[in-house]
Each structure stands twice: as C-alpha cells, then as structure tokens.
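The values are calculated or read from the model by the stated rules, or taken from the named source; none is laboratory data. Predicted model, so just to flag it, every value in this text is computed and none were measured. When we count neighbours, we look across all protein chains shown, and the Cβ atoms used for this are built from the backbone with ideal geometry, even at glycine.
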Amino acid sequence: MPDLNFQVEGAQPQRFAAAPLLLFKLRVGETLAEGSHATPIHAVALRCQVRIEPAKRRYEAHQQGRLLDLFGTPERWGQTLRPMLWTHVSTVVPPFKGNTAVDLPVPCSYDFNLAATKYFHALDGGDIPLCFLFSGTIFYEAAEGALQVAQVPWENQASFRLPAATWRELMELHYPNTAYLCLRKDVFDRLDQYRSRRGLPSWEQALERLLVAAEEPRSS
C-alpha cells in the first residue's frame, strides 16, 4: 500500500467562479523507503475536513472586540479559543507516480450567521491558521500489475496559514463594498414598512436613520 503524504503550498481566489471559491495548492506525494520505487497511482478520491485553529495566532485589541461573539472576552480565551470546523470538501487526484500537485477547491460563504465567516471578517491582517484532515480512497497498481484499493489513513493532515488578505480579496471580488445580513421575515417586514413610510429609497438609508436615532442622547 502506498504511503501518501499531503502538503498545502498556497492559496488563491478563483477569479471566474460563479460563487466565492478559494483554490488551495495541494501537493500529494508518496513517502518511499530507500531503494524502493514509486507506486503507479491511478486516482485518489480525496476527502478533506478543514478546521480553523484560532489559538495559533495573536490578535490586536480591535480584533479582540470583533471576536467577542465567538469567544467571549479575552480573559476567557484559555477555555473558548478552540479549533472549529470550517467546511468539508472533496476532489479527485488524477494519475501520478511519485508526487503531483492539484487544486483543492474550497467554497467560501459570506453568511454572517456562520462562525467561520465571522472569524474571517474579524481579521484585517495576519494569517488564518488552518488544519486539513484527509481521508479517502487510493486506487493503485500493485507490483504484479493488479489494481488495488486502499484507504487514506485518518492521521494524514497538513497545516497552512492562509493570509487574511487573500480571503478579503476573494470577498471583494464577489461582493465589492457590500455585506449581507439574513433577517427573520417579521423583522424584514417591519424594516420594509419603516423604509416605505419615510420614503427612503434604499435599505442603507433606512438602517442609517435607525442607527442615528439609537445613538442620539435621550432627554431625561
């Protein structure tokens, strides 16, 4: 059975996708003993769980404030700053011998109800520590030429530090100067009525009017 290893070498936005997509550059290779020959790999049906490891970086004071919803106040971070799931993805590695490089496509949501989106949006600098946990099925050629099937061991993983600027670049490509909120239907209806009654042409103006009113000092 071939002993495969995985390494994430880089990441970049897919500029011509219909929805936000990051392409992670994945190097797949066979670990060989001295004097042994590479196994012909026909394909690898690869699955990957991607986790965020927030404890593996530092945070500026303003970033700590943005992360309050996720982790609480900084004095609690010793208990709350735990790894969290980002997503599950899969890809098929084409035939190779020795090692090869493939793109691992990872869809990115801009839904602020998701913890991963809140975390990414809170970071305006530095890197995002990620852990890739691999599994899947290897189709390879045995020494006698027969096709064999084996599983990718669960302990296969790779670490990568994604620049926060790369995620922001991706979102700016698809949602320039824009953010989206998902509202409960009854709340949306109330906001729509407020906007309509005051003759406001946009949702931004309705929200700005409400924010200004909320920030005005109340008379005693």
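Listing for the model above:
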quantity	calculated
Single residue of Val102, Val50, Val44 found to be at pLDDT 95 or above, in contact with a Gly (Cβ under 7 Å, 6 or more places away or on another chain) and β-branched (Val, Ile, Thr)	Val44
Qualifying positions in region 112-164 - of a type in the set (Gly, Ala, Ser), assigned to a strand (DSSP E or B) and more than 19 Å from Val8 (Cα to Cα)	Ala150
Filter result for Val149 (under 30 Å from Met1 (Cα atoms), loosely packed, with under 13 Cβ neighbours inside 10 Å and modelled with pLDDT of 90 or more)	yes
Filter result for the condition that a residue is part of a loop (DSSP other than H, G, I, E, B), of a type in the set (Lys, Arg) and assigned by TED's automatic domain parsing to the domain that holds Val152, over Arg58, Arg47, Arg76	Arg58
Sole exception among (1) of a type in the set (A, V, I, L, M); (2) exposed (fewer than 14 other Cβ atoms within 10 Å of the Cβ); (3) within 24 Å of Leu104 (Cα to Cα) for Leu21, by number	(2)
Test: residue in region 165-177 that is touching a Gly at 6+ places or on another chain (Cβ under 8 Å) and at pLDDT 90 or above	yes
Residue tally, condition of a type outside the set (A, V, I, L, M, F, W, C) and either under 12 Å from the mean Cα position of the chain (by Cα) or surrounded by 14 or more Cβ atoms within 10 Å (Cβ to Cβ) (or both), over region 112-128	6
Residue in region 184-200 that is farther than 30 Å from His62 by Cβ, in a loop (DSSP other than H, G, I, E, B), at pLDDT below 90 and touching a Lys or Arg at 6+ places or on another chain (Cβ under 8 Å) present	yes
Flag if Ser109 is surrounded by 13 or more Cβ atoms within 10 Å (Cβ to Cβ) and part of a loop (DSSP other than H, G, I, E, B)	yes
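For every residue, the table says whether it meets (1) under 20 Å from the mean Cα position of the chain (by Cα); (2) among the hydrophobic types (A, V, I, L, M, F, W, C).
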| position | (1), (2) |
| --- | --- |
| Pro40 | no, no |
| Ala45 | no, yes |
| Cys48 | yes, yes |
| Arg58 | yes, no |
| Ala61 | no, yes |
